[in-house]
Amino acid sequence: MHNITKLFDFIFYGLFPKTCVHCDSLLKEGEETLCFKCQFTIISYPFSWGISDKNYITNKFQFRMPLKKAASFFVFENTSAVQSLIHDLKYKGNQNIGKWITDFYLDHDKKTFFEDLDLMIPVPLHPKRYKERGYNQVDVLCQSISGITCVEYGKDAVKRMKYTTSQTKKTREQRLKSMEEVFAIPDKKMILDKNILIVDDVLTTGATVESLGNTLMKNGAKSISILSIAVKM
Ligand SMILES: [Zn+2]
C-alpha cells in the first residue's frame with residue numbers, strides 16, 4: 001500500500017473509527033463490518049449449495065410452489081450477529097454488507113449454485129417503502145453476485161403493487177389472501193423461459209416469496225429457485 005493511502009486511512013479511521021455492527025467494539029486491522037469474535041459466532045446454513053434441490057428451504061416450500069433449488073448464507077437467530085447484520089443493512093443504510101457477504105462467504109463451491117440460473121429477482125419493496133429507505137436491501141448483494149457469476153440482475157423485473165404489513169402473526173389462509181395480486185410484471189419477455197432466482201433477506205413464513213414465485217411461474221418463468229441471506233429454522 002502507498003504511504004499516502006496509509007496516511008489517509010490513518011486520518012480517516014482516526015476521525016471515523018469503524019465499529020463492529022454487533023458488539024460495537026472498535027474494528028482492528030483486517031476486520032470489516034463484524035469483529036472476528038462476532039463473525040466466529042455466525043451460523044452458516046447447514047446444507048450444501050452444490051446439491052441444493054433437497055434441504056430445509058425446499059422442504060418448506062413443498063406443495064406450495066415448485067422449486068428448482070434453494071440455499072441461504074446464514075441461519076437467523078434473535079439477538080445474533082446475523083440479526084445485527086440484517087438490521088444494519090435494512091435500517092441503517094449499511095449497504096456495504098451485501099458486498100461484505102459475497103466477499104467473505106461466496107466461495108468457489110457456492111458459485112456452482114448459480115451455474116444453471118439466468119436471472120436474479122429481488123423481493124421488491126412497495127414504492128412507498130422504497131422511497132423511505134432509498135434502496136432495496138438485497139441490491140448490493142445481487143450486484144456483487146452478478147459481477148462474479150453469469151446470472152443477470154433483474155432489479156426492476158417485478159413491481160410491488162400492494163403495501164403489506166408483517167405476515168408473521170397471520171394464519172396461513174390470511175397470509176395467502178393478503179398476498180394475492182401483490183406483484184406485477186411490467187415486461188413479461190424479460191422472465192419468459194428463464195430460470196429465476198428469487199433473492200430475499202430473511203426467510204420466515206415464506207409467504208411473500210411463495211406469492212412472488214407463483215406470479216413468476218404464471219407469467220412464463222421456466223423455474224424458480226430461492227436464495228436468502230438468512231433463514232429462520
Ligand atoms: Zn463484534
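The table that follows gives values for the structure above.
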read-out: Positions within the range 177-233 being out of contact with any strand residue (DSSP E or B) (no Cβ under 8 Å at 6 or more places or on another chain) and more than 23 Å from SER72 (Cβ to Cβ), in sequence order; value: LYS177, SER178, GLU180, GLU181, ASP187, LYS188, LYS189, LEU192, ASP193, LYS218, ASN219, GLY220
read-out: Residues (over 17 Å from the mean Cα position of the chain (by Cα) and more than 9 Å from the ligand (Cβ to nearest atom)) located in the range 34-45; value: PHE40
read-out: Residue in the range 1-54 that is modelled with the lowest pLDDT, counting only those that are more than 27 Å from SER72 (Cα to Cα), of a type in the set (A, V, I, L, M, F, W, C) and not in a loop (DSSP other than H, G, I, E, B); value: PHE12
read-out: Test result for ILE57, in the same structural domain as SER211 (by TED's automatic domain parsing), closer than 22 Å to LEU106 by Cβ, at pLDDT below 95 and away from the ligand (no atom under 16 Å from the Cβ); value: no
read-out: Scan of the range 55-66 for residues that are part of a loop (DSSP other than H, G, I, E, B) and exposed (fewer than 15 other Cβ atoms within 10 Å of the Cβ), ordered by number; value: GLN62, PHE63, PRO66
read-out: Single unsatisfied condition, GLU77 versus (1) acidic (Asp, Glu); (2) away from the ligand (no atom under 14 Å from the Cβ); (3) not assigned by TED's automatic domain parsing to the domain that holds ILE145; value: (3)
read-out: Enumerated helices (runs of 4 or more DSSP H) restricted to the range 121-233, each holding at least 2 residues that are farther than 23 Å from TYR91 by Cα, in the same structural domain as THR102 (by TED's automatic domain parsing) and touching a residue at least 12 places away in the same chain (Cβ under 8 Å); value: 139-148, 172-178, 207-218
read-out: Search result, residues across the range 110-147 that are within 18 Å of LYS68 (Cβ to Cβ) and over 11 Å from the mean Cα position of the chain (by Cα); value: LYS110, LYS111, THR112, PHE113, PHE114, GLU115, ASP116, LEU117, ASP118, LEU119
read-out: Selection status of LYS159, exposed (fewer than 15 other Cβ atoms within 10 Å of the Cβ) and touching a strand residue (DSSP E or B) at 6+ places or on another chain (Cβ under 6 Å); value: yes
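The values are calculated or read from the model by the stated rules, or taken from the named source; none is laboratory data. Since this is a predicted model, take the numbers as computed values, not measurements. Please note: Cβ atoms are built from the backbone with ideal geometry, for glycine as well, and neighbour counts cover all protein chains shown.
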